[in-house]
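The values are calculated or read from the model by the stated rules, or taken from the named source; none is laboratory data. Here the structure is a predicted model, which is why all the values come from computation and not from measurement. When we count neighbours, we look across all protein chains shown, and the Cβ atoms used for this are built from the backbone with ideal geometry, even at glycine.
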């Protein structure tokens, strides 16, 4: 993998050098940055960081020689000019130092002005003009991160993902420890369907802080999206090695195991979650649903639910889950009673209203079914699916005019909502 034309190996060495420098281990940092430049002689951004460390360790001649080479090839690299100015002041040449510092500031100020103008144009929707200003900004100062971020963002908005990737890579070349830039790089790679590179990018992010759990979760999500479930599971295990009681990692692992039909293992994880967090409703729901639906342990699931209801008869989740089990057993009458109790306890329990609507419609009680579907759209007035369900019901009972009205409401909320589009086409034919 290459990042902005630089090998991942050189980027990693530069990153390690910067991280060591942040810890005060300057000699180790210098060795890593020197090796990065040896591998990739054109990696001048690493040369800038190396010059900074040379200056910090009073190797002013080495720093100056390296910086002069950088500005000769990249005259609009303001950070190099600023560092040259700082070195001149430190060795007593204040006049020259001030001159170089002013030169660097003028470059940065010019780039900043162009980014500001570009931002104003972007706010007006003039994206092509904004893009041009951002290009001019990074040409004015190629070490100005805000310019590269703005340029990358506008490329994303315009769908020019290859160019957005180039811009984020430029930021990473300059600041290999910039986690946000790495994460944005992954986002762009996903748009380009380059998942192997996205995962490899997270491997480098993890090197910045291997004990930061969030990075492992990011990698797991990307691996899952790529269909690499075993790799995603390994990321969860890594988090659980660091924190065996991280219930988010446990829940995520259980869901991944479900995708592999490993229901016994997932149920055991949900049990452990409930030992740590007895009030974790999501874990409780999945435990019951898998036990009854996938492992055919209906009696065990019902016993657990009955005990839960005894402990808290006003918890709507327990009543709802029991109603679902009763429906599976064919006991519709008792399930209906429980669902009615659920919506008495919590009028906004959307799943219960939907189940009630389905049962009443099945029984031919159109008036009650209609009321339940109406409640769906009252509770979730901005949910296209709620309006779609109500429209579908109206279509099934032959009320095409009302159905069309409700499906159009769904499409106003989300013009790309496929089920509503299909229903509207069917109603129009």
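Miscellaneous remarks
- Test set (1) more than 30 Å from residue 196 (Cβ to Cβ); (2) not in a helix (DSSP H, G or I) - residue 55 fails condition number: (2)
- Candidates 16, 23 - the one that is under 35 Å from the mean Cα position of the chain (by Cα) and crowded, with 20+ Cβ neighbours inside 10 Å: 16
- Hey, residue 253 modelled with pLDDT of 95 or more and farther than 30 Å from residue 11 by Cα or not: yes
Here is a yes/no grid of residues against (1) in contact (Cβ under 8 Å) with a residue 12 or more places away in the chain; (2) within 30 Å of residue 219 (Cβ to Cβ); (3) crowded, with 17+ Cβ neighbours inside 10 Å:
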{"residue": "281", "(1), (2), (3)": "yes, yes, no"}
{"residue": "311", "(1), (2), (3)": "no, no, no"}
{"residue": "324", "(1), (2), (3)": "yes, no, yes"}
{"residue": "327", "(1), (2), (3)": "yes, no, yes"}
{"residue": "330", "(1), (2), (3)": "no, no, no"}
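- Within the stretch 138-186, the set of residues being in contact with a strand residue (DSSP E or B) (Cβ under 7 Å, 6 or more places away or on another chain) and surrounded by fewer than 24 Cβ atoms within 10 Å (Cβ to Cβ) comprises 169, 173.
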